[in-house]
Amino acid sequence: MNVLRLNGRRFDFIWLLLLILYILAGTSLTPFHADESTQIFMSRDYAYQFMQRDLSLIAYSDPPQRDTEQHLRLLNGTINKYLIGLAWHLGGFSLENINQQWDWGGDWDYNQQNGHAPSPELLLTARWSSALFLAAGVVVIFAIGQALGGRLTAYIASLYCALNPALLLNGHRAMMEGSLIFFILLTVLTGIWFLRHPAWWTAIFLGIASGLALASKHTAAFTVAAVFFGCITGIILNHRGTKDTEKGEKSLKISVRSVTLWFIFLFLSGIVALIAFYVLNPAWWGDPVSRAGTVLELRQELLDIQTSVFGSYPTPLDTLAAFARQTLIVLPQYYEIAGWDSFIGDQIVRYEASPWRGVSVGGSLLGAALLLVMIGLGVWALFRRSDVPFSTRWLVGVWALVTVLSTLILTPIEWQRYYLPVYPVVGLLAALGIDFLVQKVKFLNR
């Protein structure tokens, strides 16, 4: 038995290593997105804080010292820009090598010729941080799948995420999506650990993961809220007392004592999450409540600009159709602005011709329908499996529901990167559905 377990772990390691290598292999071939230029420009904050050691350059000020930098600093997550800064610092680049923000008012040639685009070497160096975190996310979803349904679920879910064209495309780029996916998955995994092993140390891990998720991109707040709500309600549902036995009164007292202690742990976890986020966001220092209000205003302003320029979904049916296209069919969206194919068309052709572009598992209406059936079976299995702790199934179910509803309801425009948090949910539920189907076939063939 020990030999079989050891061989299984070796195969797990080889499997994950192959998926990681596959993800990283396509990094240099990924077509360029102008937002990569902006993210690299933002990595100046790394130099200000860790090289020049001048916090006044990144602290909030009214009026701002540098209006564009402060605007981007408040609007975006901080993890990615620090990682990019660390990458180019270790790669031998200096602050003078960092490009300016992409100028959307100018054309491709203007930006390339006037220092608004990174050099190919700087771009590739900046991309590695995001790609590495995307690859690490496959390991985390493997662990979630194993906790949720066993090794088959883990293998299928990790394979789906490693081959997902949208995750690969956006995770390869020097943008926030690689770190976002990793840290929201890590938050879910640490939530599962906490419910299985409630203690101060698992609470601290959950808090750190949640704080890092929030610092990676503000939209991670939906995952963090779902995980904490899943933990709170999971504790109540799984450990409520009873008076139906001879020792009912004692059982109730033990349950109340345990639940109270675990709620204290969760409170500690929440404090740790806020501290982690606060430390990583110097622009929030001094008056975090006011900064939160400013960030909400800026994000609403950005959405208003995007919808006024590109248009929003006319009807709820259009919203649902876009959600289905982006989450089930998943054909890679290389750009959002019409005409960009004339700038990166050759890059798209080269990337499409490579084996590193991924595989659209849905890919067509028939494939999307089959994937939807597997997801449906996965939802059924999520609430029917008795071999998986209820708290684990409950937490994953809450996270999946919140992720799907928040993405469906709050995404006003069909930009594929806004749908990225749904893909791990799709992969896990479909994997669980396939595992459920396999188990049923085995049972019928006995």
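Taken over region 58-101, residues that are among the aliphatic types (A, V, I, L, M), over 14 Å from V295 (Cα atoms) and touching a residue at least 60 places away in the same chain (Cβ under 8 Å) amount to 5. Listed by first and then second residue, the pairs with beta-carbon distance under 7 Å, at least 6 apart or on different chains, first residue in region 274-289 and closer than 16 Å to H71 by Cα, second β-branched (V, I, T) and surrounded by 13 or more Cβ atoms within 10 Å (Cβ to Cβ), are N281/T78; P282/I58; A283/I58. Taken over region 363-395, the criterion of being small (G, A, S) and surrounded by fewer than 22 Cβ atoms within 10 Å (Cβ to Cβ) is satisfied by G363, S364, G367, A368, A369, G376, S386.
Restricting region 320-329 to residues that are within 16 Å of M374 (Cα to Cα) and buried (at least 17 other Cβ atoms within 10 Å of the Cβ) leaves a set whose member that is farthest from the chain's Cα centre (by Cα) is L328. Residues that are free of Cβ contacts under 8 Å to residues at least 40 places away in the same chain and part of a helix (DSSP H, G or I) within region 102-122 comprise D109, Y110, Q112, Q113, P120, E121, listed in sequence order.
Having 2 or more residues that are touching a Phe, Trp or Tyr at 6+ places or on another chain (Cβ under 9 Å) and more than 21 Å from T30 (Cα to Cα) is the bar; report the helices (runs of 4 or more DSSP H) wholly within region 331-442 that clear it.
365-384, 390-410
When the test is whether a residue is touching a residue at least 40 places away in the same chain (Cβ under 8 Å), out of contact with any Cys (no Cβ under 9 Å at 6 or more places or on another chain), crowded, with 24+ Cβ neighbours inside 10 Å and within 28 Å of V438 (Cα to Cα), G145 passes it.
So that you can scan it fast, the table gives a plain yes or no per residue for (1) closer than 25 Å to L405 by Cβ; (2) surrounded by 12 or more Cβ atoms within 10 Å (Cβ to Cβ); (3) modelled with pLDDT of 90 or more; (4) charged (D, E, K, R):
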site: L252; (1), (2), (3), (4): no, yes, no, no
site: S255; (1), (2), (3), (4): no, yes, no, no
site: I264; (1), (2), (3), (4): no, yes, yes, no
site: L268; (1), (2), (3), (4): no, yes, yes, no
site: V289; (1), (2), (3), (4): no, no, yes, no
site: E297; (1), (2), (3), (4): yes, no, yes, yes
site: Y335; (1), (2), (3), (4): no, yes, yes, no
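Residues that are outside any helix (DSSP H, G or I), within 29 Å of A213 (Cβ to Cβ) and not polar (S, T, N, Q) do occur in region 304-313. Is there a residue being of a type in the set (G, A, S) and assigned to a helix (DSSP H, G or I) anywhere in region 58-75? Within region 58-75 (the criterion being of a type in the set (G, A, S) and assigned to a helix (DSSP H, G or I)), the answer is no, since none of the residues qualifies.
P355 meets the conditions (1) surrounded by 15 or more Cβ atoms within 10 Å (Cβ to Cβ); (2) under 22 Å from L159 (Cβ atoms) in every case but one. The failed one is (1). Take the conditions (1) without any contact (Cβ under 8 Å) to a residue 40 or more places away in the chain; (2) surrounded by fewer than 21 Cβ atoms within 10 Å (Cβ to Cβ); T125 misses just one of them, which is (2).
The values are calculated or read from the model by the stated rules, or taken from the named source; none is laboratory data. All values derive from a computational prediction rather than experimental measurement. Every residue, glycine among them, receives a Cβ derived from its backbone with ideal geometry; neighbour counts consider all protein chains shown.
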